[in-house]
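Derivation of every value follows stated rules applied to the coordinates shown; laboratory data play no part. What you see is a predicted model, and the numbers here were worked out from it, not measured in a lab. Neighbour counts run over all protein chains shown; Cβ positions are idealised from the backbone, glycine included.
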Amino acid sequence: MLHGIDYFIVVAYMAGMLGLGFYFKKFVSSSTDYFLGGRSMPFWAIAMSVVVSDIGALDFVGVSGQAYRFGISPANFDWIGSVPAMLLAAFIFVPYFWKAGIFTIPEYLGRRYNSKVRTLASLTWIIFFAFNLGVLFWASAVFLEAIMGWPVWLSILLTAGVVGIYTFFGGITAVVMTDVVQMIIMFVGGFTLVFLAFYHVGGWDAMVQKITAMGPEYKNHFELIQPTDTPTPFPWTGILFGLTFVMANAYMIGNQTVVQRCLTAKNEWHAKMSMVMAAFLKMFIPVLVLFPGLVAIVMLPDLDDGDKALPLMIKEFLPPGLIGLMFSAFFAGLMSSLDSMLNSTATLWTKDIYQPYIKKDGTDHHYLMVGKIVTAIILLFGIATAPVSSSFPGIYVAIQTFLSFFQGPIFALLFLGIFWKRATQWGGLAGLVIGIFSSAILHIFSDQFFTIQDPFLYVSWWSFVVGLVVTIVVSLLTTPYKDDKLMGLVYRLAERTKKAELQGGTNA
Amino acid sequence: MEEHAEKIKNAQINNVLGLFVLFFGIVVLIAVVFTDTTIGKQTNTVAGLILSGIGVGMFLKARKVLRKDGST
């Protein structure tokens with residue numbers, strides 16, 4: 001039950017976010033300001049923004065629910081998945097993206113391969129983000145219904161209104177800087193809940209003992225590495241191949257919402273360091289999102305839906321004031337994910353679709369206005385499609401399933417694009433199309449291909465392999481670009497070319 | 001010149017964000033009054049102080065930059 005002061009905190013938080021959105025309006029005078037924050041952001045703000053937009057409402061509700069059902073194995077998503085991928089992004093990919101002066105990841109793919117690849121990749125992301133918004137809205141509704149009994153549509157409209165306004169006016173500056181506040185509140189609220197949860201359950205050892213004593217179905221709850229025949233969606237083979245090799249890299253290197261933040265950095269060093277710091281912060285995320293779900297197994301053992309574990313833990317154990325703060329933290333997670341998708345979708349549409357195909361010679365102000373209008377349209381679409389996600393059993397798995405369709409093939413193209421100069425435009429196009437098609441086939445016939453439930457990790461791995469092999473084979477059969485066209489797009493190509501020229505000169 | 005403008009912009013943003021976080025810190029500290037349990041009071045106090053500390057830190061750092069560079 002919320003107290004008066006909790007309501008006050010939530011309302012103040014919402015009002016504050018709106019106020020910040022209006023305040024950040026003064027920093028937006030061009031499309032570069034709106035989409036890339038004028039390329040002036042410091043690394044620490046970007047790092048916090050990357051982390052908080054990734055943790056999101058899905059992690060708060062969904063991963064706590066996963067922990068309630070499956071134990072600690074979802075922690076692999078951060079510890080084994082995200083952290084190595086973020087370091088790879090920081091030292092290899094992000095510097096090239098930043099130096100290329102691009103707005104979007106498909107724009108890089110367009111320069112490296114061709115405009116068809118760019119358009120296809122961009123449209124895929126736009127469709128994904130548009131539907132993902134609906135899933136996020138639904139996550140908020142589940143939470144609010146459990147803790148307050150609010151009608152679903154009320155919470156959806158409230159969240160959409162606040163996020164829509166500050167993103168519409170402030171662009172990515174508002175997105176990144178509100179994320180800073182959101183991360184501070186989320187971490188303070190989250191760690192407080194973890195502390196109180198352990199206080200009530202008697203500490204880590206007592207919790208492990210109590211859960212283990214609950215029955216044989218809990219014997220693997222504290223195994224980070226699950227066997228291949230695990231009933232969970234996280235067998236070690238899927239984690240290693242699907243998550244560590246593909247999905248985590250695809251997310252941190254190929255996801256527009258993540259990379260766009262790094263592109264707002266004031267210089268290359270800040271772009272790199274933003275990912276390094278984000279990787280450090282990311283290591284704390286499982287503590288925040290998993291532990292409350294684990295404690296809930298002992299304290300609230302008869303829940304019909306694991307996704308209700310976190311809301312009910314907050315309701316049961318936090319004191320007045322902190323309930324409001326944690327409630328705001330949930331909104332923070334939700335809003336940071338929503339604002340990222342809104343701004344990234346607007347960027348993708350304006351830069352990859354509208355500017356090249358619909359109006360090439362528009363003024364900068366025109367593209368700024370297009371970005372704002374698209375933000376509003378996508379928001380309305382997300383509200384309208386929210387009920388779709390209710391047909392999936394677990395919110396988090398639903399989103400991973402959507403992601404696994406194209407993350408693998410797009411990462412295959414990015415990987416080959418930056419490391420293999422022989423990759424050709426037609427190889428890239430074939431790899432992307434056939435890779436996505438293979439994902440769809442694997443998902444539709446998953447019962448026949450896989451023995452576990454929700455095999456999204458395997459789907460992403462095999463679609464990556466298909467995309468990689470097809471791109472290589474078709475590239476070897478087609479003509480590559482000359483080196484000058486690939487300068488700044490392929491890893492150390494300039495250095496290698498210079499070295500080859502020097503060696504040629506010496507030999508001559 | 002551009003670097004200077006960026007510095008001012010970031011300081012202005014931190015100024016506002018610092019105040020915002022400080023506000024929440026103070027509200028959480030006030031919530032101690034409405035808390036019944038000792039552990040609840042302690043938790044609210046610590047969380048409120050952490051938030052207030054972060055807010056004050058951001059605010060003071062931003063003011064320092066604005067005082068030093070804002071008028072140039």
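Observations on the structure shown:
- Residue match in the stretch A:440-462 (condition: in contact with a helix residue (DSSP H, G or I) (Cβ under 9 Å, 6 or more places away or on another chain), surrounded by fewer than 19 Cβ atoms within 10 Å (Cβ to Cβ) and closer than 18 Å to residue A:117 by Cβ): no
- Beta carbons closer than 6 Å, at least 6 apart along the sequence or on distinct chains, pair a first residue in the stretch A:419-434 that is free of Cβ contacts under 8 Å to residues at least 60 places away in the same chain and over 21 Å from residue A:124 (Cβ atoms) with a second that is crowded, with 21+ Cβ neighbours inside 10 Å and polar (S, T, N, Q) for A:422/A:475.
- For the stretch B:39-62, a residue qualifies if it is in contact with a helix residue (DSSP H, G or I) (Cβ under 7 Å, 6 or more places away or on another chain), more than 30 Å from residue A:170 (Cα to Cα) and facing another protein chain (nearest Cβ under 7 Å), and the qualifying residues are B:39, B:43, B:44.
- Residue check, residue B:8 more than 10 Å from every other protein chain (Cβ to nearest Cβ), assigned to a helix (DSSP H, G or I) and touching a residue at least 60 places away in the same chain (Cβ under 8 Å): yes
- Each residue in the stretch A:186-201 was checked for being β-branched (Val, Ile, Thr) and more than 8 Å from every other protein chain (Cβ to nearest Cβ), and 2 pass.
- The stretch B:13-38, residues that are at the interface with chain A (Cβ under 7 Å from one of its Cβ atoms), assigned to a loop (DSSP other than H, G, I, E, B) and surrounded by fewer than 17 Cβ atoms within 10 Å (Cβ to Cβ): B:37
- Criterion: surrounded by fewer than 17 Cβ atoms within 10 Å (Cβ to Cβ) and either within 14 Å of chain B (Cβ to nearest Cβ) or in contact (Cβ under 8 Å) with a residue 24 or more places away in the chain (or both) - qualifying residue of A:207, A:214, A:183: A:214
- Set side by side, the residues A:281, A:294 differ, and just one is of a type outside the set (Ser, Thr, Tyr) and either over 24 Å from residue B:51 (Cα atoms) or more than 24 Å from the chain's Cα centre (by Cα) (or both), which is A:294.
- In the stretch A:18-31, the residue that is farthest from the other protein chains (Cβ to nearest Cβ) out of those that are small (Gly, Ala, Ser) and buried (at least 22 other Cβ atoms within 10 Å of the Cβ) is A:31.
- Considering only residues in the stretch B:39-72 that are among the hydroxyl-bearing types (Ser, Thr, Tyr) and not in a helix (DSSP H, G or I), the one that is nearest to residue A:23 (Cα to Cα) turns out to be B:71.
- Criterion violated by residue A:451 - all others in (1) of a type in the set (Val, Ile, Thr); (2) outside any helix (DSSP H, G or I); (3) within 26 Å of the chain's Cα centre (by Cα) satisfied: (3)
- Residue A:97 being buried (at least 18 other Cβ atoms within 10 Å of the Cβ), of a type in the set (A, V, I, L, M, F, W, C) and in contact with a Pro (Cβ under 9 Å, 6 or more places away or on another chain): no
- Members of the stretch A:143-180 that are out of contact with any helix residue (DSSP H, G or I) (no Cβ under 6 Å at 6 or more places or on another chain), touching a residue at least 12 places away in the same chain (Cβ under 8 Å) and under 30 Å from residue A:38 (Cβ atoms): none
- Only residues that are more than 8 Å from chain B (Cβ to nearest Cβ) and either crowded, with 20+ Cβ neighbours inside 10 Å or touching a helix residue (DSSP H, G or I) at 6+ places or on another chain (Cβ under 6 Å) (or both) were counted across the stretch A:7-17, and they come to 3.
- Residue ID - farthest from residue A:18 (Cα to Cα), chosen from residues in the stretch A:314-370 that are acidic (Asp, Glu) and surrounded by fewer than 24 Cβ atoms within 10 Å (Cβ to Cβ): A:361
- Just one of the listed residues (A:175, A:162) is away from every other protein chain (no Cβ under 14 Å) and either surrounded by fewer than 23 Cβ atoms within 10 Å (Cβ to Cβ) or assigned to a helix (DSSP H, G or I) (or both), and it is A:162.
- Set side by side, the residues A:73, A:140 differ, and just one is touching a strand residue (DSSP E or B) at 6+ places or on another chain (Cβ under 6 Å), of a type in the set (S, T, N, Q) and on the phi < 0 side of the Ramachandran plot, which is A:73.
- Condition check for residue A:79: touching a strand residue (DSSP E or B) at 6+ places or on another chain (Cβ under 8 Å) and either assigned to a helix (DSSP H, G or I) or at positive phi (or both): no
Every residue, every condition in (1) in contact with a Phe, Trp or Tyr (Cβ under 8 Å, 6 or more places away or on another chain); (2) farther than 30 Å from residue A:296 by Cα, yes or no:
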{"residue": "A:5", "(1), (2)": "yes, no"}
{"residue": "A:32", "(1), (2)": "no, yes"}
{"residue": "A:65", "(1), (2)": "yes, no"}
{"residue": "A:102", "(1), (2)": "yes, yes"}
{"residue": "A:107", "(1), (2)": "no, yes"}
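- Within the stretch A:280-318, the set of residues being in contact with a Leu (Cβ under 9 Å, 6 or more places away or on another chain) and free of Cβ contacts under 8 Å to residues at least 60 places away in the same chain comprises A:300, A:316.
- The sole residue among A:241, A:245, A:198 that is under 17 Å from the mean Cα position of the chain (by Cα) and surrounded by fewer than 23 Cβ atoms within 10 Å (Cβ to Cβ) is A:245.
- Those residues of the stretch A:1-51 which are of a type in the set (Val, Ile, Thr) and over 20 Å from the mean Cα position of the chain (by Cα), in sequence order: A:5, A:9, A:10, A:11, A:28, A:32
- Listing of helices (runs of 4 or more DSSP H) fully contained in the stretch A:85-151 that carry 2 or more residues being under 19 Å from the mean Cα position of the chain (by Cα) and of a type in the set (S, T, N, Q): A:115-148
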